Each structure stands twice: as structure tokens, then as C-alpha cells.
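Data first, discussion second: the structure below is written as C-alpha cells.
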Amino acid sequence: MNLWLLISVFLGTTLITFAITLLRTRAERTVQRRLGRIGATSSRAAVGGGGGGLGSVGFFGRQDFLPFVTNALEKREQGDALKLELIRAGMRLRPSEFLAAIVLSTLLCPAVAFFFTRHPLLLCGAAFLGLLFPVLVLKLMQARRMGRFAAQLPDALILISSSIRSGYSFLRAIQVVSDQMTAPISEEFERVLKETNLGSPTEVAFGNMVRRVPSYDLDLVVTAVVIQQQVGGNLAEIMDTIAATIRERVKLQREIAALTAEGKLSGWICFLMPFFMLAVMTTMNPTYMQPLFSTPQGWMMIWIAFSLQIVGGLIIKKMLSVDV
């Protein structure tokens, strides 16, 4: 009874924490978008992301509960690299808070596993999974955000082209994208506007956006914009051409994804089948499988098999990856 109560309290606390963080993030985005529509340059500069292209000034809008960790990270290059990774994922967390989440996850996972098993290797495995879980969530959020940005980019280029043809300047066309489109592309173009309003050159502001969004398509757009500003040309036509090129690449990528779907499914089946068979055989005949979990030789076989599964999965993923 005490075990289930502890698990319920842990899960309830986790869900409440995620809910509060999500509501706070939505509220901050709503306030920023409303203030951005006022049009006052000074207000936009005060609310938005700071210099350096990382949005450090006013990005969080709340108190730092781990200032000593933040100060230690600011003296090292790893702090800036971690801050950039968090911005790429769209997570409104300080590097110190993300490190605290990693430490908390690393401690909680073996603590929960301790109530089910006392085996040292299983507890070490739970701690390792707790260590990797925040990093995996970070990478997943980065991939989702980059995918949404790539899908929005052609529409944003068409909107910029139409705005320029209607008589707007290039920066005013960027502001139209920031006001009329949704996140994440609206957030990135809004940061470009804030940096230019604070005095950064357009090339530097767009270069910072490429750092935040490492996309080949965006790099192509930024290169075309920089060249056009240096030598001149019809920017609206350039945007239309790049948008058409990006859409053709996306179409080709979807065709490749459809052709490789069977291979990916086979890879997942090959990867998950040993775990499924292990669970079935352990359930049907625990006595037969007991030496695998109770002897050093059995644990060595488990770790070797798991390592080979990881290597095989990476090889299959590499074989099915096609760059366009």
C-alpha cells in the first residue's frame, strides 16, 4: 500500500509540475505577442530576446532559483552551448534548471526502482535511464521544432515575397511573418527584428537565427538575402524561387520516406522482438529464465545483447538515411 501511495505521489507531483510549466510558457508567449503588436521599438527591445542571438535578456521573465549554478556556467563555454540547445528545442529553461532536472531524474529513477528490485545492476540501469531521459526529451523537442520550422518556411518566404511586391521593406515583411504566422517561425523572425532594432546588422541577426535553427533551407535563404543586399537584385523573385526549391525538396523527402517505410518498420521489429520474446518467456517459464537474471554470466549476456541491439539499430538507421 505504501509503495503504490509513493508512486502515486511521485506521478502526481510530476504531472502538476509539467502542467504549471506549460501554463506559464503559454502565458509568457501570449504576453510577448501582445506587446510585440504595440509596435514600440523600445518596448519590443525590453521584452524580447537579448543580444548574441541567444535571447538571454528577458527570455525567462522569472527569478533564477539556482544563481550559483548559472554563474558557474556563464564562465564556461558549455553554458552557452547548453543554452543554445535549449533555445533550439523551444524550452524556456535556464541551463542550470536543465542540469537540475537531469540530477533529479537520475536520483528519482533508481529511487523508484529500489522498491521493485534491490539488484545493483538494475539500479545502475535505472540511474542511467534517468540520466538519459531529459536529454532524449530535449532532442525530441528539437526535432519536432525543426520539423515545424521547415514546414512553415516556404509559406513564410511566399508571404515575404508578397509583402515586398506590395511595397513593404524587407524588415517590414519580416514583421508581417512574425505577426501573422505561428510558432516557431514567428518567434525566430521576431528575434531577428529585436536584434536589428537593438543595432545589430541584418547579416548578424540572420546568422544568429541560423545558429538557433541549423537548417540547410534556412542557410540557403540567409545566403541569398546577404548576397542580394550586397549586390542587389529582385528579392521577391529570389524568395519565390527558393520557396519552390524547398517545396520540391520536401516532396522528394516524402517520397523517399514512403519508399523506406518498410525498411524502417522491419528495423523496429528486429530491434523490439528480443525484448518481446524475453518478456513472454519470462512470463511463461520464470524458472527457465532465472539464471539469466541471477548469475553474472547471465547479466553479461544481457548487456552484450543490448549493446549489439543498439549497434544494429544504428546501422539500420544509417542504411535508410538518404540526404536530399
Based on the mean of other beta carbon atoms within 10 Å per residue, what is the order of 224-236, 169-181, most packed first? 169-181, 224-236
Theoretical gain in end-to-end length, Phe128 to Val226 [0.36 nm per residue, Cα-Cα removed]: 30.7 nm
Distance (nanometres) between label positions extended 7 Å along Cα→Cβ at Met281 and Gln78: 4.1
Determine the relative contact order of the stretch 147-257: mean sequence separation of Cα pairs under 8 Å and six or more apart, normalised by residue count, in whole percent. 32
Using θ = phi - 60° and the Karplus curve 6.51 cos²θ - 1.76 cosθ + 1.60, what whole-Hz ³J(HN,Hα) does each residue of the stretch 162-171 get, with Gly and Pro shown as x? 5, 5, 5, 5, 7, x, 6, 6, 5, 5
For the stretch 98-106, Karplus-derived ³J(HN,Hα) couplings (6.51, -1.76, 1.60; θ = phi - 60°; whole Hz; x for glycine and proline) come out as 5, 5, 5, 5, 5, 5, 5, 5, 5
Sort Thr245, Thr287 so the one with the fewest other Cβ atoms within 10 Å of its own Cβ comes first. Thr287, Thr245
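Read-outs throughout are calculated quantities, based only on the coordinates presented, and are distinct from any laboratory measurement. Just so it is clear, the structure is predicted and the values come from calculations on it, not from any experiment. Heads up, the Cβs are rebuilt from the backbone with ideal geometry, glycines too, and the neighbour counts pull from every protein chain shown.
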